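Notes follow the structure.
The values are calculated or read from the model by the stated rules, or taken from the named source; none is laboratory data. It should be emphasised that the depicted structure is a prediction, and the values quoted were computed from it without experimental measurement. Here Cβ is always computed from backbone atoms with ideal geometry, including for glycine, and neighbour counts include all displayed protein chains. Ligands, DNA and RNA are excluded from the accessible area calculation, which covers all protein heavy atoms including side chains. Shrake-Rupley method; radii C 1.70, N 1.55, O 1.52, S 1.80 Å.
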Amino acid sequence: MLASLWYSERARNWTAQICLLLACVALFTWLYDNTVTNLTARGIRVGLDFLGRQANFPISESVVDYDPSDTFFWAFAVGLTNTLFLSLIAIVLSTLLGLLVGLGRRSSNPLTAAVTGVYITAIRNTPLIVQLLFWYALATTALPSPRNAFNPVAGIFVSLRGVYLPRLHVEGDTNLLWAIAAVGAALLVAGIRYRRSHERLTPRLISMAIVAYLAAAIGIAAIAGLDASVTLPELKGFNFVGGMRLSSEFSAIIIGLVIYTSAFIAEIIRGGIDAVGKGQWEAGRAIGLTDRQTLSKIVIPQALRIIIPPLTTQYLSTVKNTTLALAVGYPELGLVVGTVINQTGQAIESIVIMLAVFLSISLSVSLFMNWYNRRVALVQR
């Protein structure tokens, strides 16, 4: 029996895999025990108990409310929300800009094609950290003081202190606002499903649906007693008060990420469109479609099958590139983790939490893009 097991290829493969697994478990066990022993010898506590202690450090700006009296756990949560907010805005804006630049790169106009070509080449071959520092230096040195702030549009001011915008202030039951937003999202999903099953979803019908929804939302808010008002930024003393402020750090990281990522997305989109055969363009013209209609109705749907896989990789890189925001002082998760390590000395636990968070975000983005890729993939018999 032992001879048959020895000469069995399947048995040898299983034995090798089990031995490799045991070796990995032994290695990680040794590393863990050695790390805990060394930290204990230096008087550093090991564990996640510090998450319940008071943070006692400020966070300059956050999407959710934060106070230094909150716990370290909530500080991590604030850093996570800042990272997610930054990633979402950067991905959406860079996709839109990348689409425009990619189409411009294919333009028959020599000037447009040359300008977009120079843009893509220059941005792609410059380190992101250098671009972020450039935009941050520009935002903190080249812009005027608050008293001489740029006022491109009424209610919007741009100065060294940041960008000030009008802010919508609502008083009343905020749960009702979430309910109205949920109804709007449900109507959007229903409209998309209706469009897939019915070809005739005209712009007029879409406009009527939007107007009806807005009228219903305003009516419900008025009946429920919600008081909505818009506060505008006003210059008082040496700075603006009221409205909404986008800091120089946030503006620098958003501009840098969007410009850098859009150059890569532009090349992905251009390559995907060029990969579609020229016969598709000729077929569109043969049935009377304009080039714009051919691009949107025939070429782009086919190009998505080529665009989405590399676009997924670029989105994942964008999420990970948000950690460079600490170079300009924006308090994303990486900066919060660094501050927590300085406060507590719990370096290993904090880094593990950060790794787990970014791994979860990356897997979520990858799963969503893979799901969408399957939706647009060709169905083969």
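Structure above, values below:
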quantity	calculated
The listed residue being in a helix (DSSP H, G or I), under 19 Å from ALA122 (Cβ atoms) and open to solvent by 60 Å² or more (accessible area, probe 1.4 Å), out of ARG292, ARG285, ARG270	ARG270
Test: residue in region 328-340 that is among the charged types (D, E, K, R), over 24 Å from ALA266 (Cα atoms) and open to solvent by 60 Å² or more (accessible area, probe 1.4 Å)	no
Residue in region 81-95 that is within 26 Å of GLY329 (Cα to Cα), touching a strand residue (DSSP E or B) at 6+ places or on another chain (Cβ under 6 Å) and without any contact (Cβ under 8 Å) to a residue 24 or more places away in the chain present	no
Selection status of SER87, among the hydroxyl-bearing types (Ser, Thr, Tyr) and open to solvent by less than 40 Å² (accessible area, probe 1.4 Å)	yes
Condition met for PHE157 (surrounded by 13 or more Cβ atoms within 10 Å (Cβ to Cβ) and over 23 Å from the mean Cα position of the chain (by Cα))	yes
Options LEU111, LEU93: the member that is open to solvent by 50 Å² or more (accessible area, probe 1.4 Å), at pLDDT 90 or above, more than 15 Å from GLN314 (Cβ to Cβ) and out of contact with any Pro (no Cβ under 6 Å at 6 or more places or on another chain)	LEU111
